[in-house]
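K.L.:
Supplied in structure tokens, the structure appears directly below.
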Number of protein chains: 2
Amino acid sequence: MKSNQSENNLPEPTKAELEILQILWEFGPSTVRFVNDKLNEQKEVIYTSTLKQMQILTEKGILKRDESQMKHIYIPVEAEEKTKVQLLDRFVTTLYKGSASQLMMQLLGNEKTSKAEIEEIKKLLNSMK
Amino acid sequence: MKSNQSENNLPEPTKAELEILQILWEFGPSTVRFVNDKLNEQKEVIYTSTLKQMQILTEKGILKRDESQMKHIYIPVEAEEKTKVQLLDRFVTTLYKGSASQLMMQLLGNEKTSKAEIEEIKKLLNSMK
DNA sequence: TGTTTCGTACGAAAACTATCGTACCTTTGG
DNA sequence: CCAAAGGTACGATAGTTTTCGTACGAAACA
């Protein structure tokens, strides 16, 4: 078996799992069919593959589901924010030794971060003080 | 759109690969022996496992090596900054649809980001305008 | 009612990642 | 010269993640 994180931390979702989570976050609780259709807008996936993934996510405790209907409805256990914060935290720790400001610097230096984004960030910060 | 990184993008390093990369970033070009010793300060790893990983990293084009000596010297192909920027970019794209300011908000809201860090970030931003 | 359609369950193959043992070569020192 | 120490190469195994085929039940409908 595996190191099941006892306290608060759910196991890190894998890449494929994240794709599914994002759809559920965006559109709310959904059926496998719906999620699979959305996935197929990006790339071809076979229905039962998606189904299996969502079943695994449920086993892992990342999703729960309403089985009261034939078409099960899947729901993320944790809110989008919480999960993202966890992932972000792990990311900062791993790549930046926990230094958020270091990460920031890269974000600001990154050409892909637009002027508008930078303005947005400044506003944000000023509103905080 | 399945951006297979034919141009500039190297394949995403795996977790174990990242650990090795970080040692090379920190200490500069190194032998397998050196990297393995560093790794073993954190956890037990057998020499040939590290060797294999570094060989794989080389195959993938993430590392290159100087074979002119018996003890090969491994060197990251891309600079630390560049690789991190790539990873960060991917992270922002995947989780925040490319919105750096959204990521920022979470960073600032995260209790693990200390007051000092936040001050640091503010200074940074002000010095930019 | 029977057949087609749409759903879930589940095992197993396929693909990737990580670990390790063994073979074999080179250098070093007695 | 020989053995020990320390290198690389590489195949095999283990572990995980992802994909997919098949079985089978429920609903829809001709």
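K.L.:
Pull up all non-local amide H partners of B:LEU63: gap of 5 or more, or a different chain, and H-to-H distance under 5 Å with H placed in the peptide plane.
P.N.:
B:THR58, B:VAL77
K.L.:
So for segment B:80-128, what percent of the C-alpha to C-alpha distances run longer than 13 Å?
P.N.:
66
K.L.:
Considering only A:ILE56, A:ILE118, A:ILE73, give the residue with the highest GNM mean-square fluctuation for chain A, with springs between Cα atoms whenever their separation is below 10 Å.
P.N.:
A:ILE118
K.L.:
List the accessible area buried at the contact between A and B, summed over both sides and calculated with a 1.4 Å probe, in Å² to the nearest 100.
P.N.:
Using a 1.4 Å probe, the pair buries roughly 3700 Å².
K.L.:
Would you calculate the separation in nanometres between label points at A:LYS112 and B:ALA16, each defined as 7 Å from the Cα along the Cα-to-beta-carbon direction?
P.N.:
Simple spin-label model gives 2.8 nm for this pair.
K.L.:
Kindly provide the pair-distance distribution of the protein assembly as shown built from C-alpha pairs, with 10 Å bins from 0 and whole-percent values in order of increasing distance.
P.N.:
6, 24, 28, 27, 13, 2, 0
K.L.:
Could you please state, rounded to a whole Å, how far the C-alpha centre of segment B:51-97 is from the C-alpha centre of segment A:91-129?
P.N.:
24
K.L.:
Can you show me the helix-derived [θ] at 222 nm for chain A, built from DSSP H runs with n ≥ 4 at -39,500 (n - 2.57) apiece and divided by the number of residues, rounded to the nearest 500.
P.N.:
Counting only the DSSP helices, I get -19000 deg cm²/dmol.
K.L.:
If the elastic network links every pair of Cα atoms under 10 Å, which of A:ALA116, A:ALA100, A:ALA79 fluctuates the most in the Gaussian network model of chain A?
P.N.:
Looking only at A:ALA116, A:ALA100, A:ALA79, the largest GNM fluctuation is found for A:ALA116.
K.L.:
Keeping all protein chains in the complex and leaving out DNA, RNA and ligands, what accessible area do you get for A:THR93 with a 1.4 Å probe, in Å² to the nearest 10?
P.N.:
In the full protein context, A:THR93 sits at about 80 Å².
K.L.:
I'm a student and want to see the number: the projected area of the Cα convex hull of segment B:15-76, averaged over all directions, in nm².
P.N.:
3.8
K.L.:
List the lysines whose alpha-carbon lies under 26 Å from that of A:LYS71, not counting same-chain residues fewer than 8 positions away?
P.N.:
Here the lysines satisfying the reach criterion relative to A:LYS71 are A:LYS15, A:LYS38, A:LYS43, A:LYS52, A:LYS60.
K.L.:
Right, next: Work out from phi, with θ = phi - 60° and the Karplus expression 6.51 cos²θ - 1.76 cosθ + 1.60, the ³J(HN,Hα) of each residue of segment A:70-83, listed in order in whole Hz, and give x for Gly and Pro.
P.N.:
Here the 3J(HN,Hα) series is 4, 7, 4, 10, 9, 9, x, 6, 9, 5, 3, 3, 4, 5 Hz.
K.L.:
Helix B:47-59: angle to the longest alpha-carbon principal axis of chain B, degrees 0 to 90, nearest 10?
P.N.:
Helix B:47-59 sits at roughly 70 degrees to that axis.
K.L.:
To the nearest 0.05, how large is the calculated FRET efficiency for A:ASP66 and B:GLU44 if R₀ is 41 Å and r is the Cβ-Cβ distance?
P.N.:
Plugging the Cβ-Cβ distance into 1/(1 + (r/R0)^6) gives 0.35.
K.L.:
Quick one: helix B:100-109 against the long Cα principal axis of chain B, what's the angle to the nearest 10°, folded into 0 to 90?
P.N.:
Helix B:100-109 sits at roughly 80 degrees to that axis.
K.L.:
Which GluC sites (Glu not before Pro) in segment A:52-118 sit in a loop by DSSP (not H, G, I, E or B) and have at most 12 other Cβ atoms within 10 Å of their own Cβ?
P.N.:
Qualifying residues, ordered by number: A:GLU67, A:GLU111.
K.L.:
If ligands, DNA and RNA are left out, what is the accessible area of B:ASP37 with a 1.4 Å probe, given in Å² to the nearest 10?
P.N.:
B:ASP37 exposes around 80 Å² with every protein chain in place.
K.L.:
Could you check which residue among B:LEU103, B:LEU57, B:LEU21 shows the biggest mean-square fluctuation in a GNM of chain B with a 10 Å Cα cutoff?
P.N.:
Taking springs between Cα atoms under 10 Å, the residue moving most is B:LEU103.
K.L.:
Can you give the Rg and Dmax of chain B based on its C-alpha atoms, in angstrom?
P.N.:
Cα-based Rg and Dmax for chain B come out at 18.1, 52 Å.
The values are calculated or read from the model by the stated rules, or taken from the named source; none is laboratory data. Every value quoted in this text rests on a predicted model; they were computed, and no experiment measured them. Backbone-built Cβ (ideal geometry, glycine too); neighbour counts: all protein chains shown. For accessibility, only protein heavy atoms count, side chains too; no ligands or nucleic acids. Shrake-Rupley method; radii C 1.70, N 1.55, O 1.52, S 1.80 Å.
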